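Just below is one structure, and these are the notes that go with it.
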Amino acid sequence: MSDGPANREMQTDESLTLLRQGTLLINLALCAFLGAVFVLTPLRAVQRAEGVSFLQGLSILPAAPWSVSFAALSLLAFVAVDFAYRRGRLGNGRIVFWLEPGVALLVILALHLDYNGLLLLAVVNLVDSLHGRGRMLFLGAMTSLYLLTSLDVLQSGLGMVSVSEYLAYYEGQPRQLMQTAIGLLSALNLILFIGYMVILVGRRTEENAAIRRLNGELARANDKLSVLNGQLKEYAAESERMAETRERNRLAREIHDTLGHALTGITAGADACIEMMDISPDMARKQMELIAKTARAGMNEVRRSVSALRPDALERFRLSEALDKLCSEMQQTSHADIRLNVQPTDMRLSQDEEDAVYRIVQESVTNAIRHGHATEIDVSLSCQERCMTIVVQDNGIGCAKIEQGFGLRHMRERLRLLGGSLRVNGENGFRIEASIPLRWGDEI
């Protein structure tokens, strides 16, 4: 069942090909027959010594018989142009839409405007390659040319002798047979042309119906996709909440396993020192040394846990270098133009301040590319009067109604812990401006 439409389309293409080939053969036969009439009739009259009577039967003096050879050459050129077009050897295919009708018109003129069915063959050869307005203009031009070449007044105006005058030289049955052959071939050419156009229009109608059907299926799939997208957002939000919960649990475990253990040992050791202080100062001193050792071990564990939460770039580079590396990598992967300006480059920040600055810039640039589809992003960091200002401005699509997602909420939480603030603006792209009061490296 699934092969039905494909088989029908293949059969339609085969039918169109056969009709086009049949039309070509009829036109070749008819043009050859008319050319033979124009060439052989004067020669026959001369051989029979009837040249004078033949010329007296004509309305005007005819062209020399050899001039019909121009029609044969033009007809060969017509066939060659169509062959080259179908083999894709013409380079720019648009040239054939005036070249083939032009050559057909030369053949028609060489045949004294007695047969213009070659224009119908040009339509058959070319109309399937046109669409929309181009097809309408082509059909209009070809119809006008067909009607113009059908006018008898044009034939007499150009001083051309019609084939009917040549056939008048013959008598009885030969003349009747030749007239019948010309009329029959002309009618058959017209019938094949009409059949070709009917099949072509039918195929185009089926294609349009199939397109409408596919558009309907696409609309239904889009509706389903919208529903799935909403479910995916809900799932993402739930996953986000679960991730936050897992992170809090992990931090709780880290605190329990490090600080809890260390503080328990310190508390127990301190209680023992208090009891031994008056009894044995030496034992109390040794106990204090054990307490100090336990405190240092706990501090190392805390530092290890905190270090695991820091960006790797801040572990290996200064803040300005880490930001430059971040922007360079994002620019390479997104092809957006990211311009970074840090003043001054040797800012003295505490570790938590560096973490916050790095994460805010990272999240802002990521959102500008992912959600704003920005191609230009300006990142500026400046310090003045113990306050750092971070400005990230992009040329993206912006946001008329700003909804606080996880990224903005996370940035606000980081800034709130440092006593900072965050302002956003979705007009003319998207702008994020964060302010952080600095401790200038003071110990905490």
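The values are calculated or read from the model by the stated rules, or taken from the named source; none is laboratory data. None of these values were measured; they are calculated from a predicted model. When we count neighbours, we look across all protein chains shown, and the Cβ atoms used for this are built from the backbone with ideal geometry, even at glycine. The protein model used for the area step is the full one, side chains on, heavy atoms only, and it has no ligands, DNA or RNA in it. Shrake-Rupley method; radii C 1.70, N 1.55, O 1.52, S 1.80 Å.
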Estimated FRET transfer efficiency (N7, A209; beta-carbon r; R0 25 Å; 0.05): 0.90
Surface accessible to a 1.4 Å probe, per residue, for the residues of region 65-143, Å²: 49 Å²
Relative contact order %, the chain, counting alpha carbon pairs below 8 Å whose residues are six or more apart: 10 percent
Point-to-point label distance, L137-I402, nm (Cα→Cβ direction, 7 Å offset): 5.0 nm
Hz values of 3J(HN,Hα) by residue in region 127-134 - Karplus curve (6.51, -1.76, 1.60), Gly and Pro given as x: 5, 5, 8, 9, 9, x, 5, x
Whole-angstrom gap from region 188-236 to region 78-121, using each part's C-alpha centre: 34 Å
Distance between modelled label sites at T345 and E376, nm, 7 Å Cα→Cβ extension: 2.5 nm
Accessible surface, per residue, of region 332-444 when the full set of protein chains is kept, probe 1.4 Å, Å²: 57 Å²
The chain: angle of helix 96-110 to the longest principal axis, Cα-based, in degrees nearest 10: 0 degrees
Spherically averaged projected area in nm², based on the convex hull that wraps the Cα atoms of region 1-117: 10.1 nm²
Average accessible area per residue (Å²) across region 161-226 - probe 1.4 Å, nucleic acids and ligands excluded: 65 Å²
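Suppose we flag trypsin sites (Lys or Arg not before Pro) only when DSSP calls them loop and at most 11 other Cβ atoms lie within 10 Å. Which is the longest uninterrupted stretch of the chain?
Longest gap between qualifying sites, sites excluded: 90-385.
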Accessible surface of the chain [probe 1.4 Å, protein heavy atoms]: carbon and sulfur percent: 59 percent
Nearest-ten-degree value, helix 4-47 long axis tilted from longest Cα axis of the chain: 30 degrees
Convex hull volume per residue in cubic angstrom - Cα atoms of the chain: 255 Å³
Rounded tilt (10° steps) of 261-276 against the dominant C-alpha axis of the chain: 0 degrees
